[in-house]
Amino acid sequence: MTTRRFTRILASAAALATIIGVSACGGSDGNKGALGDADKAELVFWGWDAGNTMKELIADFQKDNPGITVKFNSTGTASNTQTALSNAIAAGKGAPDVVMLEDPTVTQFAVTEDLVDLSSFGAADEASKFVAGPWNKLQYDGKPYAMPINSGPEMLFYNKAVFDKAGVDGESIKTWDDYYEAAKKVRATGSYMTNNSGSAMEYQPFTAQAWQAGAHPWKVDGEKITIDMTKDAGMKRYIDFQQKLIDEDLINTQVSNWSDEWNRSLNDGSIASLTIGAWMPVNLMNGAPDQTGNWRVAQLPQWKEGEEVSSDDGGSALAITAQSHNQAAAYKFIEYMTLGKGAVTMSQTGNFPCLKSILDDPDFTNPESEANKKVNAFFGGQNVSAVLAEAAKRPVGEFQYLPYNAFAQTQFGDDISPAYNKKIKLEDAFRAYGKSLAEHGTQQGYDVANEG
């Protein structure tokens, strides 16, 4: 595929200089990287440090690899990292050797050939070591362009105290029909089953839930993209169910995820459950402290009784940029972080793992470990890690993200929120959303067909 240079400039020149000026590795020859020496290199690494462990991780790696040094440049957030990388690509220089990206953004940089195909280092042979959800999201054209460092299988978190008041047994919710019946009982108590305002903050839960419904709202084949937001069978299933929840006032459509009101509603019990990633426990502990002992976690409801289909919500990964002149050493660092001791360290400091070996390790689900004791106490003594680990190993279907995922997330709120405000039907909102995505893709130089 011809390398495309249509990446948008998302940040100011000042922001670009701040990040790139201290960490340029690509020189001025654009994206013509090189393997370099696998045992001797000065690597530049961009990413965020949610677990405050990066200093320890890098020190351990350098101890085992004395010829390689790693300079970590904290970009603060996933969005900042994506912005900085986009700018470095547009400039033709200044990209790091290794970059941390949110899983959905990997395709964006893979399709423009600005990331290295890791199958050339044997990464494709490691697929069986990871759970399917995060691994599948990092593939483009059948090849891995990043290695996962964590995962977020979609879960059902619920407030048992509220459910008990409503006469609902959370463990009995096996299907989405069960969920609907429970939502009616919860609403009768004055609480809402959950929230959804159709904002950009609900974009990632949308993709996870549509994914589990078997939806393919878009398909990417090189420069060809097919959009089908309303005729696709999985999308129809998702839209019809959400519309029923909206019409019957079973979800709070005025509260968006991650808002102050969201945390207040979780803390006072007026929002009784969430379908969200496995990384949520600590956020609940921080955001809803008054509900200590009340929350529980269960497997995601199924569309067909007896199935065990999952999906993934969130997650991040490590990739090598095409500008890197130290690609062999960069992959050695990625191996350490995703397959080696680094992965174990991160799993012990709040990072939900995607390596099967860690998920299968009895220590990970040991309810007597100090980390698990704290979480389990908040969840009423439930062995939370055991439930999450089971979810991570469930089968998932295929799902792709658009190569302009950032636009897709922003536009989601603009086009979908009117349906949750009951101004239009959700099907019409998704039809408008599909049109917006198709128009943007065409403007970016893709061959886009909008079929629904």
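Quick one: which residues, 5 or more positions from ILE424 or on another chain, have an amide H under 5 Å from its amide H? H modelled 1.01 Å from N in the peptide plane, none for Pro or chain starts.
Amide H to amide H, under 5 Å and 5 or more residues apart or across chains, ILE424 pairs with ALA419.
Ignoring ligands, DNA and RNA, what accessible area per residue does the chain give at 1.4 Å, in Å²? Write down the numbers at each step before the final one.
Details: 18010 Å² over 452 residues.
Value for the chain: 40 Å² per residue.
Tell me the trypsin sites (Lys or Arg not before Pro) within the stretch 233-324 that lie in a loop according to DSSP and have at most 13 other beta-carbon atoms within 10 Å.
Values: sites: LYS236, ARG237, LYS244, ARG264, ARG296, LYS304; in loops: LYS304.
When the trypsin sites (Lys or Arg not before Pro) of the stretch 233-324 are filtered for loop state and at most 13 Cβ neighbours within 10 Å, LYS304 remain.
So what J values fall out for the stretch 351-361 if you push phi through Karplus, 6.51 cos²θ - 1.76 cosθ + 1.60 with θ = phi - 60°, rounded to Hz, Gly and Pro as x?
8, 6, x, 10, 7, 4, 4, 6, 4, 7, 6
Among the listed pairs LYS129/LYS373; LYS174/LYS393; LYS160/LYS374, which are separated by more than 20 Å between their Cα atoms? Mind showing how you got there, number by number?
On the way: LYS129/LYS373 28 Å; LYS174/LYS393 18 Å; LYS160/LYS374 18 Å.
LYS129/LYS373, as the Cα separations exceed 20 Å there.
Tell me which of VAL162, GLY287, PRO367 sits at the most positive position along the dipole axis of the chain, charges placed on C-beta atoms (Lys, Arg +1; Asp, Glu -1).
GLY287
Rounded to the nearest 10 Å², what accessible area does MET229 show when all protein chains are kept and the probe is 1.4 Å?
MET229 exposes around 0 Å² with every protein chain in place.
Rg and Dmax in Å for the stretch 404-452, alpha carbons only: what are they?
According to the Cα coordinates of the stretch 404-452, Rg and Dmax are 11.2, 35 Å.
At 7 Å along the Cα-to-beta-carbon direction for both HIS440 and ALA90, put a label point, then send me their distance in nm to one decimal.
Between HIS440 and ALA90, the simple spin-label model gives 1.5 nm.
Quick check: at a probe of 1.4 Å, how many percent of the accessible area of the chain sits on carbon and sulfur atoms? Before the final figure, lay out each step's value.
Working: 8490 of 18010 Å².
Roughly 47 percent of what the probe reaches on the chain is carbon or sulfur.
Run the 1.4 Å probe and let me know the accessible area of LEU266, rounded to the nearest 10 Å².
Surface open to solvent at LEU266 totals about 0 Å².
With runs of 4+ DSSP H residues as the only contributors, calculate the mean residue ellipticity of the chain at 222 nm using -39,500 (n - 2.57) per run, divided by the residue total and rounded to the nearest 500.
Working: 19 runs with 184 residues, N = 452.
Calculated mean residue ellipticity at 222 nm is -12000 deg cm²/dmol.
State which stretch of the chain is the longest one without any exposed GluC sites (Glu not before Pro), exposure meaning a DSSP loop state and at most 14 other Cβ atoms within 10 Å.
1-247
What aspartates and glutamates sit close enough to LYS184 to cross-link, taking a C-alpha to C-alpha distance under 15 Å and skipping anything fewer than 8 places away on the same chain?
The qualifying aspartates and glutamates are ASP164, ASP169, ASP247, GLU248, ASP249.
Could you work out how far helix 233-247 tilts from the main Cα principal axis of the chain, as a 0 to 90 degree angle to the nearest 10?
Its long axis makes an angle of about 50 degrees.
Would you kindly work out the equivalent ellipsoid of the stretch 335-374 from its C-alpha gyration tensor and give its semi-axes, the square roots of five times the eigenvalues, largest first in whole Å?
On the way: eigenvalues 69, 22, 9 Å².
Taking √(5λ) for each Cα gyration eigenvalue gives 19, 11, 7 Å.
Once Lys and Arg get +1 and Asp and Glu get -1 on their Cβ, which of GLY306, GLY340, ALA146 lies farthest toward the positive end of the dipole of the chain?
Of the candidates, ALA146 comes out farthest on the positive side.
Once a ≥ b ≥ c are taken as the square roots of the eigenvalues of the Cα gyration tensor of the stretch 162-275, is the result rounded (a/c under 1.5), prolate (a/b larger than b/c) or oblate (a/b not larger than b/c)? Don't jump to the answer; show the numbers that get you there.
Values: a/c = 2.58, a/b = 1.74, b/c = 1.49.
The shape class here is prolate.
Hey, got the dipole for the stretch 267-384? About the Cα centre, +1 on K and R Cβ, -1 on D and E Cβ, debye to the nearest 20?
Values: 7 positive and 13 negative charges, 64 e Å.
Value, rounded to 20: 300 debye.
Say the cut-off is 23 Å between C-alpha atoms; which of LYS219/LYS244; LYS63/LYS341; LYS137/LYS219; LYS231/LYS304 go over it? Numbers along the way, then the final one.
Numbers: LYS219/LYS244 27 Å; LYS63/LYS341 12 Å; LYS137/LYS219 13 Å; LYS231/LYS304 20 Å.
Checking Cα-Cα distances, LYS219/LYS244 exceed 23 Å.
Compute the Cα gyration tensor for the stretch 310-431, then decide on rounded, prolate or oblate, letting a ≥ b ≥ c be the square roots of its eigenvalues: rounded whenever a/c is under 1.5, prolate when a/b is larger than b/c in the other cases, and oblate in all that remain.
Numbers: a/c = 2.73, a/b = 1.27, b/c = 2.16.
It is oblate, given that a/c is not under 1.5 and a/b is not larger than b/c.
How would the chain be classified by its alpha-carbon gyration tensor: rounded, prolate or oblate, with rounded meaning a/c under 1.5 and the a/b versus b/c comparison settling the rest? Walk me through the numbers before you get to the answer.
Working: a/c = 1.98, a/b = 1.34, b/c = 1.48.
Judged from the Cα gyration tensor, the chain comes out oblate (a/c at least 1.5, b/c at or above a/b).
The values are calculated or read from the model by the stated rules, or taken from the named source; none is laboratory data. Keep in mind that what you see is a predicted model, and the values were worked out from it rather than measured. Every residue, glycine as well, gets a Cβ built from its backbone with ideal geometry; the counts of neighbours run over all protein chains shown. All accessible areas refer to the heavy atoms of the entire protein, side chains included, with ligands and DNA or RNA removed. Shrake-Rupley method; radii C 1.70, N 1.55, O 1.52, S 1.80 Å.
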